[in-house]
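Trainee: Here it is: the structure, laid out below.
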Amino acid sequence: MSLDLDAGESGVDANVLAGLCYPVFERLFDADGDFVGDVERKLVEARMPDQVEMYVSLALAVGLSVGGALWALGTAVGYGVFSLGLIDPSTLSLGVPAPTPAVQELLRSLVVPTAVLLSGLVFGSIGFAVGFGGVVAVPYSRASARKREINLLLADSVSFMYALSVGGLNQLEILRAMATAEDTYGEVSREFQSIVNETEYFGTDYRNAIRQQSMETPSDELSQFLSDMLSIVNSGGDMEGFLKDKKEKHLRTSKQEREMTLETLELFGEMYMTLSLFPLLLIIILVIMGMMGEADDRLLYATVYVLIPLVGVGFLVLVSTVKQDDPGDGFLQPDGGSERLRQTSKEGLLHFGLVEAFVGTSGVFDRIRDREGTHKTVEILSAPHLFLRENPPYTLALTVPASLAIVGVAVASGSAPTTFDGWVARPVWSAFVWVYVPVYVVLIPLGFFYEWHQRSRRAVTGKLSDTLRKLSSANDTGQTLLESVRTVSETSTGKLAEEFEVIHAKVNYGMSLRDALVEFNNAYAVPRLARTVKLITEAQEASSQITDVLTTAAQASENQDDIERERKSRTRMQVAIIVMTYVTLLGVMAILQTQFIAVMGDLVSQSDGGGGAGFGGGGGVDPDVLSMLFFHAVTIQAILSGFISGYIRDAELISGVKFAVILMTLALGVWIYVG
């Protein structure tokens, strides 16, 4: 038995650790208890092949190791604060009455040992809880992630099975087809793989395999679906009618769940409006206290450079728990396809396609590969914008060195301040050189090519539902699927019609329709397009008359369109709330800068005769330091608000680049005027 957690990198084998702590497990836990049973169920749901006894023993070993290390650290810290004089033992008291001076002295002598002991116990307890709880939480986290993906893909998976049933496949063939569709249906396909493996390799009756999987899947919805399917199988009922009813039910359920997710995001948007204003209120309080000479300037620095980023990052983590991503990478595996399809599916910056399959068999192919590399290089250099459109992250290879070079030149020429006093003297210019210029150089090209990339994908998916309806209508007249593709390409406009024309031409030149569809899908790699193409390619192998299949694909696509429209409408309001909250924060900071700080700073300086204590080193409030801190605060908040807006809108951080650039530009413009 090999534990799934990889401990090899730390130099300690996980099995050895688990074995050492197994006696501790036997003493602390009941092997038939609820806790062990719950962990065992989550291990199964998470597809982790670990024995629950050894896994919990490993968790104990990790917990004891981390707890012991933190206990030693806590004891050392507790001893250090007293031995270094950071805390005077005489200042600590529990208020315990002492009847005599001797007892009082005894209690005082016990203060340090007790404090050191408590410090070690607290640190050790925290370490054990983090170590043990962290390991035990792994199967829960993985099972939850699998459950979420299964629920997201279940509606499309049932539509896929219905399409196969309409195409004439029997029950076992449908199960096998689902098991081999991992590239499209992810975790749902893996659940069916377990059923097929049980029947083919362990001799289990497929009815019992379905029953067993219905009890082991982490998704209640899939469990109910498998239980209902089992009843249809046992009774010999109409599988096609059952799948049709389930398809419609799960399409409705999917839409309802997405609406609930959007409502949760609306709540988060309102929460962010409150949370993001908390640092602003704290800054105002600290400034007022600083003017009165009663605040530590380190608190203001901590608020600007620690609290504001922590609030933003924490909110991003919170939103990630309910994000609306589309599972899958959108690529279809060329299983069963031609050698050409298998090689072209791997084609990329370092893979040259079909010729790679013949390299080494003859010198001519080696020369062709070298020439292909030269051709690809020339192609990229002649049209770099097209290459970067398809690969937006590659812009970083150019922009990051460029931004570093610009900052380096500015430092070398003396244009960029390199001291704290220089930053304070020229807060806007220093932030512009050190922050704004590099961010603009890096993010503007990245955001531009990313939006162009997304626009090219939307050109295909935008008319997908209507095109599928046209394909279904054409196929219903008696045309084959290939003839339907040609008809739609001739009677439609747009990018999808052009792609259909290319597909028809490829088939006429000898490529199979399945390979042509897979190549078309992989060129765009959109998950919803991949599910549609997968459904059509599987069904067309059984028959070219697949009107019902195309209608089903159109319904699934229309359901996705409805969800997308609702998502954009709801998230638009959340983005507006975040942006307006930031604009409010920026306005308040600008008012503080222009109407409050300078005036109050002068008043404090005059009243104290220049000797008041405050921010800036003891000479009253230094407006320049506060101006720099305020500008940095609104800049950090602009970056965080921008990325949060993009993440809420499209479930991708890179989508927030455009918002971040716009808000940063707004902050820069305002501070050029007020700073």
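The values are calculated or read from the model by the stated rules, or taken from the named source; none is laboratory data. Values in this document were obtained by computation on a predicted structure and should not be read as measured data. Counting neighbours? That spans all protein chains shown, and the Cβs are built from the backbone with ideal geometry, glycine included.
Trainee: Of all residues in the range 445-487, which are part of a loop (DSSP other than H, G, I, E, B) and over 16 Å from Asp561 (Cα atoms)?
Mentor: Thr477, Gly478, Gln479, Thr480
Conditions tested, residue by residue: (1) of a type in the set (Val, Ile, Thr); (2) part of a helix (DSSP H, G or I).
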{"position": "His375", "(1), (2)": "no, yes"}
{"position": "Val378", "(1), (2)": "yes, yes"}
{"position": "Arg389", "(1), (2)": "no, yes"}
{"position": "Ala405", "(1), (2)": "no, yes"}
{"position": "Gly408", "(1), (2)": "no, yes"}
{"position": "Pro417", "(1), (2)": "no, no"}
{"position": "Trp423", "(1), (2)": "no, yes"}
{"position": "Val428", "(1), (2)": "yes, yes"}
{"position": "Pro438", "(1), (2)": "no, yes"}
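Trainee: Checking the structure you have, find out if any residue of the range 144-161 is of a type in the set (Val, Ile, Thr), in a helix (DSSP H, G or I) and over 27 Å from the mean Cα position of the chain (by Cα).
Mentor: Scanning the range 144-161 turns up no residue that is of a type in the set (Val, Ile, Thr), in a helix (DSSP H, G or I) and over 27 Å from the mean Cα position of the chain (by Cα).
Trainee: Moving to a separate point now. Can you name the helices (runs of 4 or more DSSP H) wholly within the range 497-596 that have at least 2 residues being free of Cβ contacts under 8 Å to residues at least 24 places away in the same chain and not polar (S, T, N, Q)?
Mentor: The qualifying helices (runs of 4 or more DSSP H) are 513-524, 547-591.
Trainee: Same structure, new question: Taking the range 162-195, which residues are touching a Lys or Arg at 6+ places or on another chain (Cβ under 8 Å), charged (D, E, K, R) and surrounded by 21 or more Cβ atoms within 10 Å (Cβ to Cβ)?
Mentor: Glu187
Trainee: Can you report the number of residues in the range 229-286 which are aromatic (Phe, Trp, Tyr), within 30 Å of Ile644 (Cβ to Cβ) and buried (at least 16 other Cβ atoms within 10 Å of the Cβ)?
Mentor: So the count comes out to 2.
Trainee: How about the range 558-612: which of its residues are surrounded by 14 or more Cβ atoms within 10 Å (Cβ to Cβ), modelled with pLDDT under 80 and of a type in the set (Asp, Glu)?
Mentor: Within the range 558-612, just Asp608 meets the criteria.
Trainee: Let me confirm something: among Leu275, Leu243, Leu316, Leu230, which residue is in contact (Cβ under 8 Å) with a residue 24 or more places away in the chain and closer than 30 Å to Gln171 by Cα?
Mentor: Result: Leu243 is the single residue among Leu275, Leu243, Leu316, Leu230 that is in contact (Cβ under 8 Å) with a residue 24 or more places away in the chain and closer than 30 Å to Gln171 by Cα.
Trainee: Shifting gears a bit: Does Trp452 satisfy the condition of being at pLDDT 90 or above, within 21 Å of Met664 (Cα to Cα) and surrounded by fewer than 18 Cβ atoms within 10 Å (Cβ to Cβ)?
Mentor: Against the criterion (at pLDDT 90 or above, within 21 Å of Met664 (Cα to Cα) and surrounded by fewer than 18 Cβ atoms within 10 Å (Cβ to Cβ)), Trp452 does not qualify.
Trainee: Now for a separate question. Determine whether Glu198 is surrounded by fewer than 23 Cβ atoms within 10 Å (Cβ to Cβ) and touching a helix residue (DSSP H, G or I) at 6+ places or on another chain (Cβ under 8 Å).
Mentor: yes
Trainee: Here is a follow-up. Quick one: in the range 27-56, of everything that is touching a residue at least 24 places away in the same chain (Cβ under 8 Å) and over 27 Å from Glu191 (Cα atoms), which residue is surrounded by the fewest Cβ atoms within 10 Å (Cβ to Cβ)?
Mentor: Leu28
Let's see how each residue does on (1) assigned by TED's automatic domain parsing to the domain that holds Gly134; (2) in a helix (DSSP H, G or I); (3) out of contact with any helix residue (DSSP H, G or I) (no Cβ under 9 Å at 6 or more places or on another chain); (4) at pLDDT 85 or above:
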| site | (1), (2), (3), (4) |
| --- | --- |
| Ser2 | no, no, no, no |
| Ala18 | yes, yes, no, no |
| Arg41 | yes, yes, no, yes |
| Val44 | yes, yes, no, yes |
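Trainee: Any idea which of (1) farther than 18 Å from Arg531 by Cβ; (2) of a type in the set (Val, Ile, Thr); (3) surrounded by 20 or more Cβ atoms within 10 Å (Cβ to Cβ) is the one Val158 doesn't satisfy?
Mentor: Among (1) farther than 18 Å from Arg531 by Cβ; (2) of a type in the set (Val, Ile, Thr); (3) surrounded by 20 or more Cβ atoms within 10 Å (Cβ to Cβ), Val158 violates only (1).
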